[in-house]
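The values are calculated or read from the model by the stated rules, or taken from the named source; none is laboratory data. All figures in this text were calculated on a predicted structure; none of them were measured in a lab. Here the Cβ positions follow ideal geometry from the backbone for every residue, glycine too, while neighbour counts run over all protein chains shown. All accessible areas refer to the heavy atoms of the entire protein, side chains included, with ligands and DNA or RNA removed. Shrake-Rupley method; radii C 1.70, N 1.55, O 1.52, S 1.80 Å.
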Amino acid sequence: MKRLLGVPAFARLWVAAFFGETAEWMLQVALPVYVFQRTGSAATTALSIVLGLLPAVLLSPVAGVVADRWNRRAVLFGVCCGLAVVALPLLAEPSVVAVYAVMAAQAALASVFEPARNALVPELVGVEEVTGANGLMSVNGSVARLAGGWAGGALLGFGGLADVITGYLVVLAVAAALLAKPFRRMSAPAPAVGPEPVVQAWLDGLREVTTNRRLWRTGLALAFTSLAQGMFLVLFVVYVLKVLGGSEADAGLLRGVQAIGGLAAGFALATVARRVAPAALLGWGSIALGLVSAVIWNLAMVTTALGLYVGLFVLVGAPGVVVGAGVLSEIQSAVAPERAGRVLSTTFAAVATFTTVGALLAGTLVATTGPAVLLDVQAGVYVFAGVLMLARKRRIRETSPSSMVTVEGCRTSSPPATST
C-alpha cells in the first residue's frame, strides 16, 4: 500500500478520485430522494434512476474510443468541468423534469469518466499491481461514499437541494484542480489510436468482450449483479422511507455507512488480499453480498431500530467493494492497454443496461408485490451470480489445465488479449 501511494501520479489520481466520488455520492443520494419527495411514486423514482443510466448505454461507442484515443488525464479534467456546468440548473428550485435532464447529462459525462480513469490506473502503477491499486481506489471510494452519502442526505433534509448542489460544486472543483497537471506514468501509455472510425473501434472492443473467455465469464456474473443493483436503487428509498419510517437524513446515513465496511475491504485488497484471483473476489463477494442483504431486508419483521441497520449496512459494504475490485482487476489484467478504454466502456454500458432493467422491474412491480418480496429476490440474484461465477471457474479448471493457468495467472500478470 505504501509503495503504491509512493507513486506521485497514482497518489494524485487517488485523491482526485476521492473528491470526485464524494461529489457523485452527494447527488446519487439526494436526487432520487428529492424525486420521491416531490412525486411520492416509486415508478417516477425508478424513471429518474433509468435516466441516470441510459446515457452510459447509448454513449458506449463514443466513451470507450475517447478513453483510448485522447489523453486520459485530460479527459478526466474535462469531465469534472462539464459535470459542474450541467449541475448549475439545480441551484434553483427545479422541477422533476429538470432533475431528470440533469441526471441524464451527468450520466452522459460519467460514461466517459469511468473508462478513462480505470484504463489509466495500469499506466500509473503497472499491470501487476492493479488489484492493490483498485483496493486503494475502493478505500477512498468508501470514505467518499460515507462523506458524500451523509452530506447529500443531510443537506437535502436541512437545507434543500440548492445546498446540496453548492457543496457538490465545491467538492468537484477540488477534484478538477488535482487533475489539471499532467501525470508521470510508470509504464508507457497506450499507443495512440489512428483515425479508425468510432463505430469500428467500438466494435473491436465489443469483439474483445465476446471472444475473450475470461471477459465472457465475468460479464455473465456482472449482468446478474447489475440487475440486483438496479432493483436496490429503487427499493432502498421505499424501504427506508416507508418500511423503516426513516427520513432523508437516515437514507443518506444508511447509504453512506456502507463505506465503513468498504474501507476495511479496500485495505485488505490493497495488502493481504492483493494476490487473490479476481474471479474468486467476484464470486465469493457476490454470495456474501446476497446473504447479508437477505438478513437486512427480513429484519424489519422483527425491529426497525435504526442503530441495528446502521451496523448491518456497514457490514454489507465490504463484499460490495470486493465485487467491484474483482470485476475491474479481471478486466484490466485481461485486456491490452490500447483497447482497455473501449472494453471498460462496453462493460459499463452492460452494467448500466442491466441496472436499468432491474430498476424498471422494481419500480413497476413494487406497487403490486410490495418491497419485501422484491428485496428477497434482489438478494437471491446476488447469490446466484456468485455461485455461477465460482461454478464456471471450477469447471474451467477441471476441463482445461491451460485455462486454469489463465484464470489463476491473472493474479500477477496480464495474459495476451486473445487468451481463452
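Between region 14-59 and region 348-385, how far is it from one alpha carbon centroid to the other, in angstrom?
So the two Cα centres are separated by 16 Å.
With a 1.4 Å probe and all protein chains in place, put ARG275, ARG217 in order of accessible area, largest first. Working shown, then result.
Values: ARG275 90, ARG217 5 Å².
In descending accessible area the options line up as ARG275, ARG217.
Can you send over the solvent-accessible area of LYS181, 1.4 Å probe, protein chains only, in Å² to the nearest 10?
That residue has around 140 Å² of solvent-accessible surface.
Which whole-number percent is the relative contact order of region 242-392 (Cα, under 8 Å, 6+ apart)? The partial results should precede the final answer.
Details: 140 pairs, mean separation 62.2, N = 151.
Contact order relative to length: 41 percent.
Can you give the charge dipole size of region 1-88 about its Cα centre, rounded to the nearest 20 debye, using +1 on the beta carbon of Lys and Arg and -1 on the beta carbon of Asp and Glu? Write out the running numbers ahead of the final one.
Numbers: 7 positive and 3 negative charges, 70 e Å.
Magnitude of the dipole: close to 340 debye.
If DNA, RNA and ligands are ignored and the probe is 1.4 Å, what is the ranking of MET231, MET301 by accessible area, most exposed first?
My answer, sorted largest first, is MET301, MET231.
In nm, give the distance between the simple-model label positions of GLN37 and LEU91, each being 7 Å from the Cα along the Cα-to-Cβ direction.
Using points 7 Å along Cα→Cβ, the separation is 2.0 nm.
Not counting ligands, DNA or RNA, and with a 1.4 Å probe, what is ASP68's accessible surface area in Å² rounded to the nearest 10?
10 Å²
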